[in-house]
Amino acid sequence: HYGVYHDAQQADGSYDFKPQLSVMKPIVSKYDIAYYNQETILGGDNLGISSYPRFNTPQSEGDAFLDAGFNMVSLASNHTMDKGEQGVLNSVAYWKSKKDIAYSGQWNSFEDRAEQIAKVYEVNGIKYGYISYTTWTNGLETPSGKEYLNNVYSDEEAAADIAALKDKVDFIIVAMHWGTEYSFGVNAKQDEIAKYLSNLGVDLIIGAHPHVVESCEYINDNKTFVIYSLGNFISDQGDIDNLTGLAMEVTLKKVVNVDDTVTKSVESPKAELLYTKDKRDFRVIPYPQLNDSILPGWQNYYNKYKAVVNEFYPDLTWGLTYE
């Protein structure tokens, strides 16, 4: 959003988004895997910086997220094609230029897509695969024969992609751009896709698109943990529902038993709500660090959104490890 851009713009016309993430950086940087959803295209500043309805975010915003410690990014969204094919190609080139980053959802060819989908990542002796899909395109369809530009979900595509990974990794993580905008409730399609992906062998599903937080839960006899919507991490949408986001922590655990069989699980989910202090000096701040001068009545909002997130999983632990 232009408000976020203007706050980051420097006297020389460049952009520095790092101060906006300064509170979150010491938190994010402690995790082995730190995920975020890049809703808007980093299509290259030469194509023109733009906001709603067709976004193009300065690529230095990506630099700020990497600097803060994020190392996994979802790129498939309803805004992927906002700057056309060239915007996607510029975005892919940007992410390819970065080291130690797992990205998914946009590619520059079918060969690139196949290579990235089947890529195996490893941390602490645990191998994982990662795929990002969107169910929404805003009517901005990819050119025929170039569907690799935006990874639009289908059951058939997901089955083939997961089959390419399943025997090579311990865990499969899927990012889903799905759901109903501005709805705290999980819709039937989200439920249907989550169960389908779980049956294919997906262990962790992370959702975005609604711009507000939604609940989380274990499904399929605890085989899969689903976060239906993290809400907005940083935005200038104005409404407190949209200025509130969700940070979640899970532990991916692999045990090699004495008989060489392997047991895996997604354990210890923890949550914290985040608030974007906006208008001047944007900052993303965990709710427990707020006070009434930053957000009057913040405790009431905290209780409201915690109830939403707890709806399907009332045993959820609140407070991340950093606390």
Is the C-alpha gyration tensor of the stretch 1-91 telling us rounded, prolate or oblate? Criteria: a/c under 1.5 is rounded; beyond that, a/b larger than b/c is prolate, otherwise oblate. oblate
Packing-based order for 131-139, 278-286, using average beta carbon neighbours within 10 Å, highest first: 131-139, 278-286
Tell me the per residue accessible area of the chain using a 1.4 Å probe; a whole number in Å² is fine. 43
Nearest 500 deg cm²/dmol is fine: what mean residue ellipticity at 222 nm does the chain get from its DSSP H runs of n ≥ 4 alone, each adding -39,500 (n - 2.57), divided by its residue count? -7000 deg cm²/dmol
Relative contact order [Cα under 8 Å, 6+ residues apart], the stretch 111-217, whole percent: 28
In the stretch 163-216, GluC sites (Glu not before Pro) in a DSSP loop with at most 13 other beta-carbon atoms within 10 Å: GLU181
Once you charge only the Cβ atoms, +1 for Lys and Arg and -1 for Asp and Glu, what is the size of the charge dipole of the stretch 106-255 about its Cα centre, to the nearest 20 debye? 460
Could you derive backbone 3J(HN,Hα) for the stretch 72-83 from the dihedral phi with the Karplus parameters 6.51, -1.76 and 1.60 (θ = phi - 60°), listing whole Hz in sequence and x where the residue is Gly or Pro? 9, 9, 9, 10, 7, 8, 6, 10, 4, 9, 4, 10
Under the 0.36 nm per residue contour assumption, what length would be gained going from the current alpha-carbon distance of ASN257 and SER183 to full extension? 22.3 nm
What is the log10 of I(q)/I(0) for the chain, computed with the Debye formula using one identical point scatterer on each Cα and no solvent, at q = 0.14, 0.15 Å⁻¹? -1.13, -1.31
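For the stretch 243-320, what number of Lys pairs, 8 or more residues apart or on separate chains, have alpha-carbon atoms under 23 Å from each other?
Total qualifying Lys-Lys pairs in the stretch 243-320 comes to 8.
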Provide the packing ranking of 83-94, 6-17, 198-209, i.e. peptides ordered by the mean count of other C-beta atoms within 10 Å per residue, highest first. 198-209, 83-94, 6-17
Sticking with the crude label model, points 7 Å out along Cα→Cβ, report the distance from GLU141 to ASP45 in nm, one decimal please. 3.6
Per the 1/(1 + (r/R0)^6) rule, R0 = 25 Å and r from the Cβ atoms of TRP318 and SER265, FRET efficiency to 0.05 is 0.75
Taking each pair of different alpha-carbon atoms in the stretch 56-215 once, compute 1/r for the pair, average those values, and report the inverse of that mean as the Kirkwood hydrodynamic radius in Å to one decimal. 16.2
With a 1.4 Å probe and every protein chain kept in, tell me what percent of the accessible surface of the chain is carbon plus sulfur. 48
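The values are calculated or read from the model by the stated rules, or taken from the named source; none is laboratory data. Given the structure is predicted, the values throughout are model-derived calculations rather than measurements. Counting neighbours? That spans all protein chains shown, and the Cβs are built from the backbone with ideal geometry, glycine included. Quick note on the areas: whole protein, heavy atoms, side chains included, nothing else; ligands and nucleic acids left out. Shrake-Rupley method; radii C 1.70, N 1.55, O 1.52, S 1.80 Å.
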